[in-house]
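These notes concern the structure reproduced below.
The values are calculated or read from the model by the stated rules, or taken from the named source; none is laboratory data. Please read these numbers as outputs of a predicted model, since none were measured by experiment. We place every Cβ from the backbone using ideal geometry, glycine too, and count neighbours over all the protein chains shown. Each accessible area value is taken on the protein alone, full model and side chains, heavy atoms only, with ligands, DNA and RNA left out. Shrake-Rupley method; radii C 1.70, N 1.55, O 1.52, S 1.80 Å.
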Amino acid sequence: MRAEIVAVGTELLLGQIADTNARWMSERLADAGLDVTHHQAVGDNLERIVEALRLAAGRADVVLVSGGLGPTEDDITRDAIAAFAGVPLVFHAELETMLREKFRRWSAIGTMPASNLRQAYVPQGARWIVPDRGTAPGLALQLGGTRLYAVPGVPDEMQEMIGGTIVPELRALAGGDVIVSRIVRCAGMGESAVAERLADLFASSTNPTIAYLASMGEVKVRITAKAPSRAQAEALAEPVVAEVRGRLGDVVFSEDDESLEQTVLRLLGASGRTLACAESLTGGGVGARLTALAGASASFIGSAVVYTAEAKGRVLGVPENVLAGGTVTEACALAMATGARDLYGADVALALTGAAGPEPHDGAAPGTIWVAVADTTGFTHARGFVSRGERDRVRRWAEQAGLDLVRRHLEGVPLPASSLPG
C-alpha cells in the first residue's frame, strides 16, 4: 500500500516550525508495512489544501493529513476535506457534549469558547476519532479507492491517534507486511567515496534497498527490507548490513543508528575508562552532546572551555612557548589534551582547537581544525584538517572529528593522519 502525508499550516511554509510530525508518521507507517511515497506541505488556504488532497488521492492508497483541525478560523482542514469529497459539514451533538465535558474537567481553562463548536462539525460520511489529550477529533473517510485520515498537528495528539487507531487499522489492511530499516553510520569518508564502494550493491538492490544520507562529518547508509514479519525483514537486511560493514571497514562506527556520542560513551563504559575534554573552537559543544545522554556521568568527567590563549595556559597549563607559536597548531592541541587529562585525572582526553571563521585566527586560515587525544600511557595523537563553510559547519565538523578520534582510539583501529603541517 502506498501512503502520502499532507502537512497543513502556513507556519511550516514560513519556516517558523519544522515538520517533525511527517518524520514520526513515516516511521510508524513503515513499521505497518506501508510505502510512504510523497510528503506535501500546504498553507492554510482552502483551494490549495483541496488541490493537495486531490493530488495525493490520485497517487496513494492512504492519505494522512496533519494539522488544521483546531477551533480557530484558519483551521480549515475539515472544510477542505468536505469540499474535496463534495459533501457538507454535519454538526454532531455528541461531539459538542464531548467538548463541553472536556472543558468542564479542565476547569482551570474556564468556559468553553463558542469557537470550539467548529470541532463538532464532521464531513458527511466521515467517522471521527475521539481525542484523549486534546479537543480536536480526528477524521477518517473512504473516498473511492483512497482512505483518508486527518489528525491534529499538535504532536502528542497526533501520535495518540496514529499509534492508537490509525496504524492498527492500516497494519491489518496492509496484510501484515513490515518494513525494517538498518542505519549504518560512518565518519571519515565522504558520501561519494562511500557510494563508490557500494555501487554494485546499490545498483542491484531491490529488497533490501540501499540509500545514502549525508550530513556534516557523517554519512548514513540505510538498508531497508520488507517482509511479512519483523524477524523475516531483519533476516533479509542482516547480510547486506554485514557486506556494507565489510566494505567500508573502520569508518563505520554504528550498525544500529547510534550517534557518535552514544558510541563513545558505550565504548568508554565497556572498557571502564573515563573521558575529559578541552574545548576551544567548539565552546563546550562536545561536552553538551555527551551530557545530553542518560548515564553520561559514569564515563564523562567534564570539559574545560578554554577559548583564549590565557585560559589555555592558566587552566590547562599549555606552555608559553607553545602558545607563542599559535593556538591553532598541533603542539597546542596536544598540550591541551595532556592538560585536560591531568586536570581531570581522566583515562582519555580530547582537545579541539581551530579557527571557525569567517576571519583568520591566530595565524590560521578560517576552517582550520586541530583535534588531539592523550591517555594515561603517554600516548598522544593529533589530526589537523580544513573544513569549508560557515562557523556552525566548521564547529560541527570539529566535534565529529574529535569524537571519531576518541572512538578509533578506544577501538584500537588506525587513527587518521593530518592533512596539515604540524
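Among the protein heavy atoms of segment 1-154, carbon and sulfur supply 52% of the accessible surface, probe 1.4 Å, non-protein parts ignored. Between the Cα long axis of helix 260-271 and the first principal axis of the chain there is an angle of about 60°, rounded to the nearest 10.
In the context of the full set of protein chains, residues of segment 179-299 present 42 Å² of accessible surface per residue (probe radius 1.4 Å, heavy atoms only). Looking at the chain, identify the longest residue range that excludes and avoids all chymotrypsin sites (Phe, Trp or Tyr not before Pro) in DSSP loops having at most 16 other Cβ atoms within 10 Å. Of all site-free stretches, the longest is 107-306.
Whole-Hz Karplus values for segment 139-144 come out as 10, 9, 8, 9, 10, x Hz, taken residue by residue from phi with 6.51 cos²θ - 1.76 cosθ + 1.60 and θ = phi - 60°; glycine and proline positions read x. With all protein chains in place and a 1.4 Å probe, the accessible surface of segment 168-217 carries 55 percent carbon and sulfur. Among the GluC sites (Glu not before Pro) within segment 1-109, those in coil by DSSP and having at most 12 neighbouring Cβ atoms inside 10 Å are 73.
DSSP beta bridges confined to the chain are antiparallel in about 60 percent of cases. Evaluate Rg over Rh across segment 137-270, taking Cα atoms for both radii and Kirkwood's formula for Rh. My calculation of the ratio gives 1.08.
Between the helical axis of 93-105 and the longest alpha-carbon principal axis of the chain there is an angle of about 50 degrees. Just so you know, the Rg over Rh for segment 16-124 is 1.02, from Cα atoms, with Rh as the Kirkwood radius.
In degrees from 0 to 90, rounded to the nearest 10, what is the angle of the helix 46-57 Cα long axis to the longest principal axis of the chain? Long axis of 46-57 versus the principal axis of the chain: about 80 degrees. Helix content alone sets the calculated 222 nm mean residue ellipticity of the chain: runs of n ≥ 4 DSSP H residues at -39500 (n - 2.57) each, divided across all residues, give -11500 deg cm²/dmol. Comparing segment 244-286 with the 2.2 N^0.38 Å rule of thumb, its C-alpha radius of gyration ratio is 1.43 (two decimals). This model, with +1 at the C-beta of Lys and Arg and -1 at the C-beta of Asp and Glu, gives segment 1-152 a dipole about its Cα centre of some 360 debye. At a probe radius of 1.4 angstrom, the accessible area of segment 69-113 per residue rounds to 55 square angstrom. Using equal-weight Cα scatterers in the Debye expression, the normalised intensity of the chain in log10 at q = 0.07, 0.10 Å⁻¹ is -0.49, -0.84. With R₀ fixed at 45 Å, the C-beta to C-beta distance from residue 55 to residue 386 puts the FRET efficiency at about 0.50.
Summed over the residues of segment 337-418 and divided among them, the accessible surface reaches 40 Å² per residue at a probe radius of 1.4 Å. What the phi angles of segment 208-217 give under the Karplus curve with 6.51, -1.76 and 1.60, with θ = phi - 60°, is a coupling list of x, 9, 10, 9, 10, 9, 9, 9, 5, x Hz, glycine and proline written as x. Every Cα-Cα pair of segment 264-398 was included, and the share exceeding 22 Å stands at 32 percent. Each other residue within a Cβ distance under 13 Å of residue 285 adds +1 if Lys or Arg and -1 if Asp or Glu, for a net charge of +1.
Taking the inverse of the mean reciprocal distance over all distinct Cα pairs, the Kirkwood hydrodynamic radius of segment 62-173 comes to 14.3 Å. Counting only Cβ charges, +1 for Lys and Arg and -1 for Asp and Glu, the dipole size of the chain around its Cα centre is about 280 debye. Legend: calculated FRET efficiency, residue 212 to residue 308, from the Cβ-Cβ distance at R0 = 35 Å, rounded to 0.05, equals 0.30. Could you pull out the GluC sites (Glu not before Pro) across segment 238-332 that fall in loop regions by DSSP (anything but H, G, I, E, B) with no more than 16 other Cβ atoms inside 10 Å? Hits after loop and neighbour filter: 258.
Computed from the C-beta positions of residue 17 and residue 124, the FRET efficiency with R₀ = 30 Å rounds to 0.40. Which parts of segment 202-232 would a label at residue 411 reach, counting a residue when its backbone N lies under 15 Å from a point 7 Å out along Cα-to-Cβ? Only 218-221 fall inside the zone, counting backbone N under 15 Å. Distance between the 7 Å Cα→Cβ label points at residue 342 and residue 133: 5.2 nm.
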